[in-house]
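What follows is one structure encoded as structure tokens, with my remarks underneath.
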Amino acid sequence: MSAKIDVFSLPIEKQFMRRLIKPDTWILNGFVEDCAAPHPHVVIGDDKAAVIDTTDLFYNVREYVEKIVTDKPLVTISTHSHGDHTANNYQFADCPQYMSEVCWEEIQQTRISRPDWAKGDYTPVIIKDGDIIDLGGRTLECIQFCGCHSDSSMVYLDSKYGCLFTGDEFEGGQVLIGTSVNRNNNNCIELYRDNLVALKKRVDGRATCICPPHNGSPLDILLLDYMIENCERIMAGHEGMKEIGSMSFGLNPQSYHNPPYTTNDEDIVDHSARLARYGEDGRRSEWMGTSIVYNAKRIFYKDVEGK
Ligand SMILES: [Fe+2]
């Protein structure tokens with residue numbers, strides 16, 4: 001017996017839980033949310049606090065942060081354009097909101113394709129590779145990631161506590177790099193491997209943990225090496241599994257990705273999830289706690305050149 005909980009009837013402090021993952025560094029869990037939903041991080045400096053990925057949780061993220069987490073003036077930071085990470089930016093319309101130029105461009109496109117994911121009006125602060133966001137006694141270095149999960153991706157390195165905020169380019173459940181094609185039509189395992197190697201070189205020992213919005217944060221920085229190995233195993237011919245979808249997707253009665261509650265695949269409304277689960281070329285490769293969902297026809301640069 002599963003019942004949906006009316007979260008909106010709860011006081012704001014009961015609509016979320018928060019977990020301290022480093023000093024002055026929180027991850028927020030909307031209560032009770034879809035297990036696949038992203039989680040905002042709150043990074044607190046001496047002068048300001050940053051909400052990294054406002055997410056598409058239905059609840060008032062800003063009210064919770066201001067009431068429960070910090071009294072510092074807020075900024076937001078978007079790891080990439082996808083609506084499940086940026087939909088609540090409208091709640092912070094009067095705050096500085098940092099994002100890449102491609103991220104802003106894609107949010108404008110979302111206003112047309114999926115208006116509920118791009119509500120409100122605000123003017124972002126466009127950042128580029130190498131820029132520094134200063135929170136007072138704590139900075140975030142902006143690191144461009146060459147679009148495997150999303151063309152708009154920017155990774156942020158916390159100078160003080162060694163946290164690497166990766167968005168969806170790195171996470172513990174599955175990194176999705178095969179469910180869409182990037183602008184240069186070159187996303188493939190080889191590019192992802194090269195991105196990770198470049199990221200490792202750039203970070204140069206300054207990070208101790210990875211803080212992704214989905215499926216668990218923080219992760220040990222060692223997983224960066226294991227993910228590189230995962231890519232190299234695929235490139236060496238170790239083919240991933242054909243069953244790539246999360247078996248629980250759509251089964252959570254609290255899910256807002258697949259309402260209403262259903263156990264019938266025909267009723268699942270998120271078409272991309274269906275494609276990911278049943279797509280002929282989709283594969284899942286798991287190695288040492290890392291997992292990549294990729295397209296078996298897009299392994300090497302040579303596979304995608306000229307397509
Ligand atoms: Fe994403």
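Each reported figure results from applying straightforward, stated rules to the coordinates on display, with no laboratory input. Just so you know, these numbers come straight off a predicted model, no measurement behind them. Every residue, glycine among them, receives a Cβ derived from its backbone with ideal geometry; neighbour counts consider all protein chains shown.
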Quick check: convex hull of the Cα atoms in the stretch 33-188, volume per residue, rounded to a whole Å³? 116
Provide the per-residue ³J(HN,Hα) series for the stretch 77-83, in order, calculated from phi with Karplus coefficients 6.51, -1.76, 1.60 and θ = phi - 60°, each as a whole number of Hz, with x at glycine and proline positions. 9, 9, 6, 6, 7, 4, x
With each pseudo-label sitting 7 Å past Cα toward Cβ, what's the Lys200-Lys297 distance in nm, one decimal? 3.1
Net length gained if the chain between Asn29 and Gln108 were fully extended (0.36 nm per residue, minus Cα distance): 25.7 nm
I need the semi-axes of the equivalent ellipsoid of the chain: take the C-alpha gyration tensor, multiply each eigenvalue by 5, square-root it, list largest first in whole angstrom. 29, 25, 18
What is the sum of charges around Ile127, taking Lys and Arg as +1, Asp and Glu as -1, for the other residues whose C-beta is under 13 Å from the C-beta of Ile127? -4
To the nearest 0.05, what FRET efficiency results for Met235 and Tyr122 with a Förster distance of 45 Å applied to their C-beta separation? 0.60
Placing +1 at every Lys and Arg Cβ and -1 at every Asp and Glu Cβ, with all other atoms neutral, what dipole size does the chain have around its Cα centre, in debye to the nearest 20? 260
Testing the spin-label approximation: label points 7 Å from Cα along Cα→Cβ at Ser180 and Glu63. State their distance in nm. 3.0
If you take every residue apart from Ile210 with its C-beta less than 9 Å away from the C-beta of Ile210, what net charge results, scoring Lys and Arg +1 and Asp and Glu -1? -2
Express the relative contact order of the chain as a whole percentage, based on alpha carbon pairs under 8 Å and six or more residues apart in sequence. 15
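Can you give the FRET efficiency to the nearest 0.05 for Met17 and Glu243, using r as the Cβ-Cβ distance and R₀ = 51 Å?
0.95
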Prolate/oblate/rounded call for the stretch 75-162, Cα gyration tensor, a/c under 1.5 rounded: oblate
Do any of Lys200/Lys302; Lys48/Lys128; Lys119/Lys201; Lys22/Lys302 go past 31 Å between their Cα atoms, and which? Lys119/Lys201; Lys22/Lys302
Proximal charge balance of Thr79 [Cβ under 9 Å; K/R count +1, D/E count -1]: -3
